[in-house]
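For reference, the structure is listed below as structure tokens.
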Amino acid sequence: MKGAFIIALLLAGTALTGPAEAGTLATVKERGKVACGVSQGVAGFSAPDNSGNWAGFDVDFCRAVAAATLGDPDKVSFVPLSTKERFTALQSGAVDLLSRQTTWTLSRDAGQGMLFAGTAYYDGQGFMIRRDLGVDSALKLSGATVCAEQGTTTEQNVADYFSANKMEYEPVVIDSAEGIIKAFETGRCDVYTTDASALYAQRLKLADPDAFTVLPEIISKEPLGPAVRQGDDNWFAIVRWTLFALVEAEELGLTQATIEAGLQSANPAVRRFLGAEGDNGQQLGLDPRWAYNVVSAVGNYGEMFERNLGQESDLKIDRGLNRLWNAGGLMYAAPAR
């Protein structure tokens, strides 16, 4: 089913009330589900299996928000969106939350009626080529045909890169990731450029993944994160602190396996985080054990990363900048107090 049709169904046939000022949390509770915008299928981030069950890093974040707000990670309606549909879907109220490999930029944060709750994945744009092209650096791609997805930061980044390095290229702009994969595999373009994480995911869809390689250059900053509509500060805070809770849980050493024992911890920071004392939840309009529910549902940030993207997954992406701040990375949560 096309994303636009799904959006129309949501707008016409659900209790969703569109404007953020109506109170997104109240709407979510009344509906009994979080409407979460995801991709149309990117391995490791958000993709349905043959039975229609969604899985991935972005999917798990949707489930974490459902656990925080409704106490049940399964109370999510996943809405697959193309790059062109995603912002309209969020702005119109067709989805409560966009968790869809979207880069946080000034123009999007300030000019498109949306707010980014934080960076869930530090990424950067890369290049994938056929091994038999015999190229080991993006600086040797002058004259190549380059496939990029329409309506993304990718288009401008690749134009800037080739211009800055005084190289020529022929852009091939296509309106979907699936369309690019077909064009790339059939030789319509020499190079596929997008976020490096997505290249590793898309490579798995090729008939012979080993015939392709991702070049070492990263040409941009791509902080990917969840976004909400402007105008509802409480909902924004809930989504932001759900992200912080995942990171904070890893900092505190709390996992799905140890979360129950954490309720009896002698560490006041752990007890406060889990709602065993104090009431951080009240300030968000949530249950005192909202963070406990989040970690019980999807684990901590590290567990979520490794399961979907890291060494426990097919992608086997090195965690890199997405390590915790105290392990050489950039992931850092504001204190939950």
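The values are calculated or read from the model by the stated rules, or taken from the named source; none is laboratory data. Everything numeric here is computed off the predicted structure, so don't read it as measured data. Please note: Cβ atoms are built from the backbone with ideal geometry, for glycine as well, and neighbour counts cover all protein chains shown. For the accessible areas, the whole protein counts, side chains as well, though only heavy atoms, and no ligand, DNA or RNA atoms are used. Shrake-Rupley method; radii C 1.70, N 1.55, O 1.52, S 1.80 Å.
For Val76, which sequence-distant residues (separation of 5 or more, or a different chain) have an amide H within less than 5 Å of its own amide H, given hydrogens modelled in the peptide plane?
Amide H to amide H, under 5 Å and 5 or more residues apart or across chains, Val76 pairs with Val34.
If you take every DSSP beta bridge fully contained in the range 43-195, what fraction is antiparallel? Give it as a percent rounded to 5. Please list the in-between numbers first.
On the way: 7 of 15 bridges.
Expressed as a percentage, antiparallel bridges in the range 43-195 total about 45.
Suppose we look only past 25 Å in the calculated P(r) of the range 145-270. What percent of the Cα-Cα pairs does that tail hold?
In whole percent, the long-distance tail amounts to 49.
Could the peptides 191-201, 250-260, 52-62 be put in order, highest first, of the mean number of other beta-carbon atoms found within 10 Å of their residues?
Packing order, densest peptide first, comes out as 191-201, 52-62, 250-260.
Can you give me the Cα centroid spacing of the range 313-333 and the range 201-271 in angstrom?
That distance is 10 Å.
Could you calculate the FRET efficiency of Ser51 with Lys166 from 1/(1 + (r/R0)^6), where r is the beta carbon distance between them and R0 is 56 Å, rounded to 0.05?
Calculated value: 0.65.
Report, to the nearest whole %, how much of the accessible area of the range 278-317 belongs to carbon and sulfur atoms, 1.4 Å probe, protein only.
41 percent
Mind running the shape call on the range 130-200? Use the C-alpha gyration tensor, a ≥ b ≥ c as the square roots of the eigenvalues: rounded below 1.5 for a/c, prolate if a/b tops b/c, oblate otherwise. Each step should come with its number before you reach the end.
On the way: a/c = 1.59, a/b = 1.15, b/c = 1.39.
Here the range 130-200 falls in the oblate category.
In terms of the Cα gyration tensor, with a ≥ b ≥ c the square roots of its eigenvalues, is the range 188-337 rounded because a/c is under 1.5, prolate because a/b exceeds b/c, or oblate? Working shown, then result.
On the way: a/c = 2.68, a/b = 1.94, b/c = 1.38.
Here the range 188-337 falls in the prolate category.
Run through the range 111-187 and list the trypsin sites (Lys or Arg not before Pro) located in a DSSP loop whose Cβ has at most 16 other Cβ atoms within 10 Å. List each step's numbers first, then the result.
On the way: sites: Arg130, Arg131, Lys140, Lys166, Lys182; in loops: Lys166.
Those that pass, being in a loop and sparsely packed, are Lys166.
Would you kindly derive the ³J(HN,Hα) couplings of the range 211-225 from the backbone phi angles with the Karplus curve 6.51 cos²θ - 1.76 cosθ + 1.60 (θ = phi - 60°), listing them in order in whole Hz, with x for Gly and Pro?
Values, residue by residue: 7, 10, 9, 9, 5, x, 5, 10, 10, 7, 9, 10, x, 8, x Hz.
Under 17 Å from a label point 7 Å along Cα→Cβ of Ala211: give me every residue in the range 169-193 with its amide N that close.
180-192
Compute the FRET efficiency between Tyr332 and Glu306 as 1/(1 + (r/R0)^6), taking r as their Cβ-Cβ distance and R0 = 22 Å, and round to the nearest 0.05. Intermediate values should be presented prior to the final figure.
Details: r = 19 Å, r/R0 = 0.85.
The calculated FRET efficiency here is 0.75.
Using a probe radius of 1.4 Å on heavy atoms only, what accessible surface per residue do you get for the chain? Whole Å² is fine.
Accessible area per residue: 43 Å².
Roll a 1.4 angstrom probe over the protein heavy atoms and tell me the percent of accessible area of the range 146-196 that is carbon or sulfur.
44 percent
Translational diffusion coefficient, Stokes-Einstein: compute it for the chain using the Kirkwood radius over C-alpha pairs as Rh, at 10 °C and 1.306 mPa s, and state it as an integer in µm² s⁻¹.
77 µm²/s
Taking the Cβ-Cβ separation of Asp109 and Asp72 as r and a Förster radius of 30 Å, what is the calculated FRET efficiency to the nearest 0.05?
Efficiency, from the Cβ-Cβ distance: 0.50.
Tally the DSSP beta bridges in the chain and give the antiparallel ones as a percent, rounded to 5.
Among the beta bridges of the chain, antiparallel pairing accounts for roughly 55 percent.
Once amide H atoms are placed 1.01 Å from N in the peptide plane, what residues at a sequence separation of 5 or more from Ile317, or on another chain, have their amide H within under 5 Å of its amide H?
The list, which skips near neighbours in sequence, is Gly310.
Going through the cross-link list Lys84/Lys221; Lys166/Lys316; Lys205/Lys316; Lys182/Lys221; Lys84/Lys182, which pairs have a Cα-Cα distance over 23 Å in this structure?
Lys166/Lys316; Lys182/Lys221
Got a number for carbon plus sulfur as a percent of the range 220-275's accessible area, 1.4 Å probe?
51 percent
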